[in-house]
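J.: I'd like to ask you about the structure that follows.
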Amino acid sequence: MRSGHRLGHLLGHRLGWQFGWLWAAYGTSALGTWLAFGAFPLIAIRVLHAGPAEVAALSSVGTAVGAAVAVPLGPWVEFRRKRPVLIAMDVVRFVALLTVPTAFVLGVLTFLQLLLVSVVVAAADITFRAASGAYLKTLLPAGDLLVANARFESTAWTTTIIGPPLGGAAIGLLGPVATVVADAVSYLLSALGIRATGGHEPRPERRETARMRVRDLLDGWRYILADATLRPLFFNTALFNGLVMAVQPLLAVLMLGRLGFAPWQYGLAFAAPSIGGLLGSRLARPLVTRFGQQRILVVAGALRALWPVGLAFLGPGTGGLLLVMVVELGLIFCCGVFNPVYTTYRLERTATDRVARTLTAWAVTTKTSTALLTAVWGVLGDLLGPRTAIGLAGVLLLATPLLLPRRAAAVRLSEPEPAPHRA
């Protein structure tokens, strides 16, 4: 009996049927998201004949405004049961996205509608992620969080591999609006999956006053900045994610423009290396078991920063294509190891009654910094050229490991940890 239990624990296959439904819901919505990858810019260009400035606004302004809208939702979510919030955010995204194909069929689709839908979806996405982290922490024991996050990470990379090619085929056959329908339906299926988790979720303790104050909006940031280990990790992830994403438009201009790569080569250069994320996420737990969480967090976080500078040496032809694939493979593999470890580390370090506010503040900062750095690097690309701007981002990324926490997090004893609930 004992050896069988130990084997099951090592394999990490038994996290309960409630987590199984949550995992299925996550996989469904992630696949829908990647099926519709790039659908909004494509609709804006092909259907609404939008220009470059409008397309850029659709991705940057929509995300930034959505992040601002999500700020007051963090404190609101904190003192409510998380499962109903998750279901509500899925339904909101389902309804918002469904308005796009409806307006298209009726011939009344406008750019303003696309922008508003992107804001609603961005705000709902941040709120969903914050609530899901808090819900996961009450659903599973602390020892199972890394296994769960590794499964989410592997699912994310799997859908990244298969989603865009399938979405591209669907767009070719049915048009870009078809993938928006698929994305909307995926959120509805996700809501049904989360509803099927059932069980009893403990009600969070209410504050002394039910009225939200302005200072409550900053609780998440105050909590992060006051913690000696969360604070450097917060700045590390915001800067790293922002710089990595900021060079993507410049890389597209360089590859598809000056270097003359075909669209299918550009897609292959980023789709094929995603297998590294799947492999890295599978290795995260064994590596932590052998070397320890703190060491893997620092080593994987440092190694992922070494790769992007190689993109500055991108050239034409097969050699250039292979260079991009090798760089992306190394980067994505390291991120595949780092992400579940960092997500688990952050959950373990955050008090249970602060998770939603902390994750909301984290997501809002990351999305805002990404939008800002993307705009700045767009200007640098015009002034210095795409290759120089890409190289500058790579050099700055080499400094991001300095912001990783250097010591293991001490266990917080000030707030009791509620027992995970099981059906």
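The values are calculated or read from the model by the stated rules, or taken from the named source; none is laboratory data. Computed from a prediction, not measured in an experiment: that's the story for all the values here. Please note: Cβ atoms are built from the backbone with ideal geometry, for glycine as well, and neighbour counts cover all protein chains shown. These accessible areas exclude ligands, DNA and RNA; they are computed on the full protein's heavy atoms, side chains included. Shrake-Rupley method; radii C 1.70, N 1.55, O 1.52, S 1.80 Å.
J.: Inspect the stretch 216-235 for any residue being modelled with pLDDT under 85 and among the aromatic types (Phe, Trp, Tyr) and give the result as yes or no.
T.: Here is the first cut: in the stretch 216-235, the ones modelled with pLDDT under 85 are 216-218.
Subsequent filtering for residues that are among the aromatic types (Phe, Trp, Tyr) retains none.
No, the stretch 216-235 contains no residue that is modelled with pLDDT under 85 and among the aromatic types (Phe, Trp, Tyr).
J.: Additional query: Could you please give the count of residues in the stretch 300-352 that are farther than 30 Å from Gly220 by Cβ and among the acidic types (Asp, Glu)? Full working, then the answer.
T.: Initially, the stretch 300-352 is screened for residues farther than 30 Å from Gly220 by Cβ, giving 306-307, 309-330, 333.
Adding the requirement that they be among the acidic types (Asp, Glu) leaves 328.
The total comes to 1.
J.: Condition check: over 20 Å from Ala96 (Cα atoms), β-branched (Val, Ile, Thr) and in a helix (DSSP H, G or I). Does Thr160 satisfy that? Talk me through it step by step, then tell me what you get.
T.: Working: over 20 Å from Ala96 (Cα atoms): yes; β-branched (Val, Ile, Thr): yes; in a helix (DSSP H, G or I): yes.
Yes, satisfied.
J.: Ok, one more. If you take the residues of the stretch 343-371 that are assigned to a helix (DSSP H, G or I) and over 22 Å from Ala124 (Cβ atoms), which of them is nearest to the chain's Cα centre (by Cα)? Even if it seems obvious, please write down each step before you answer.
T.: First, the residues of the stretch 343-371 that are assigned to a helix (DSSP H, G or I): 343-349, 352-371.
Right, trim to over 22 Å from Ala124 (Cβ atoms) and you get 344-345, 348-349, 352-353.
Numbers: Thr344: 14, Tyr345: 16, Glu348: 19, Arg349: 20, Thr352: 21, Asp353: 22 Å.
Once the filter is applied, the top-ranked residue is Thr344.
J.: Here is a follow-up. Evaluate the following for Leu396: is it closer than 20 Å to Leu233 by Cβ and in a helix (DSSP H, G or I)? Please lay out each step first, then the result.
T.: Working: closer than 20 Å to Leu233 by Cβ: yes; in a helix (DSSP H, G or I): yes.
It is true that Leu396 is closer than 20 Å to Leu233 by Cβ and in a helix (DSSP H, G or I).
J.: For the stretch 92-122, which positions are open to solvent by 60 Å² or more (accessible area, probe 1.4 Å) and closer than 22 Å to Gly51 by Cβ?
T.: Within the stretch 92-122, Phe104, Gly107, Val108, Thr110, Leu112, Leu116 meet the criteria.
J.: Now for a different question. Among (1) touching a helix residue (DSSP H, G or I) at 6+ places or on another chain (Cβ under 7 Å); (2) outside any helix (DSSP H, G or I), which single condition is Arg80 missing?
T.: (1)
J.: Kindly indicate which of Ala419, Ala375 is surrounded by fewer than 13 Cβ atoms within 10 Å (Cβ to Cβ), more than 22 Å from Leu233 (Cβ to Cβ) and modelled with pLDDT under 85. Break it down into steps so the answer makes sense when it comes.
T.: Details: Ala375 fails: surrounded by fewer than 13 Cβ atoms within 10 Å (Cβ to Cβ).
One residue alone meets the criteria, Ala419.
J.: Next question. Among (1) over 30 Å from Met89 (Cβ atoms); (2) in a helix (DSSP H, G or I), there is one condition Leu306 misses while meeting the rest; what is its number?
T.: The number of the failed condition is (2).
J.: Filter the stretch 224-238 down to residues that are in a helix (DSSP H, G or I) and surrounded by fewer than 19 Cβ atoms within 10 Å (Cβ to Cβ), then give me how many there are.
T.: Within the stretch 224-238, the first condition is being in a helix (DSSP H, G or I), and the residues that meet it are 224-225, 230-238.
Now restrict to residues that are surrounded by fewer than 19 Cβ atoms within 10 Å (Cβ to Cβ): 225, 231-232, 235.
Residues meeting the conditions: 4.
J.: Of the conditions (1) farther than 18 Å from Leu35 by Cα; (2) part of a helix (DSSP H, G or I); (3) free of Cβ contacts under 8 Å to residues at least 60 places away in the same chain, Gly172 satisfies every one except a single condition; which number is it?
T.: (1)
J.: Moving on to the next point. Scan Gly315, Gly310, Gly292 and give me the residue that is more than 30 Å from Ala262 (Cα to Cα) and surrounded by fewer than 22 Cβ atoms within 10 Å (Cβ to Cβ). Show your work before the answer.
T.: Numbers: Gly315 fails: more than 30 Å from Ala262 (Cα to Cα); Gly310 fails: more than 30 Å from Ala262 (Cα to Cα).
Gly292 is the lone residue from the list that is more than 30 Å from Ala262 (Cα to Cα) and surrounded by fewer than 22 Cβ atoms within 10 Å (Cβ to Cβ).
J.: Would you check if Ala284 is surrounded by 17 or more Cβ atoms within 10 Å (Cβ to Cβ) and either among the acidic types (Asp, Glu) or in contact (Cβ under 8 Å) with a residue 24 or more places away in the chain (or both)?
T.: Values: surrounded by 17 or more Cβ atoms within 10 Å (Cβ to Cβ): yes; either among the acidic types (Asp, Glu) or in contact (Cβ under 8 Å) with a residue 24 or more places away in the chain (or both): yes.
Taking the combined requirement at face value, the residue satisfies it.
J.: State all residues of the stretch 42-68 that are open to solvent by 30 Å² or more (accessible area, probe 1.4 Å) and either at pLDDT 80 or above or closer than 14 Å to Leu109 by Cα (or both); if no residue qualifies, say none.
T.: Leu42, Ile45, Arg46, Val47, Leu48, His49, Val65, Ala68
J.: Does Leu268 satisfy the condition of being part of a helix (DSSP H, G or I), of a type outside the set (Phe, Trp, Tyr) and buried (at least 20 other Cβ atoms within 10 Å of the Cβ)?
T.: Against the criterion (part of a helix (DSSP H, G or I), of a type outside the set (Phe, Trp, Tyr) and buried (at least 20 other Cβ atoms within 10 Å of the Cβ)), Leu268 does not qualify.
J.: Which pairs turn up if I take residues in the stretch 377-396 that are under 18 Å from Gly310 (Cβ atoms) and look for partners that are open to solvent by 10 Å² or more (accessible area, probe 1.4 Å) and among the charged types (D, E, K, R) with beta carbon separation below 7 Å, at least 6 apart in sequence or on another chain?
T.: Final answer for the pair search is none.
Yes/no matrix, rows are residues, columns are (1) part of a helix (DSSP H, G or I); (2) in contact (Cβ under 8 Å) with a residue 12 or more places away in the chain; (3) under 20 Å from the mean Cα position of the chain (by Cα); (4) within 21 Å of Thr159 (Cα to Cα):
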site: Gly276; (1), (2), (3), (4): yes, yes, yes, yes
site: Gly301; (1), (2), (3), (4): yes, yes, yes, no
site: Gly310; (1), (2), (3), (4): yes, yes, no, no
site: Gly319; (1), (2), (3), (4): yes, no, no, no
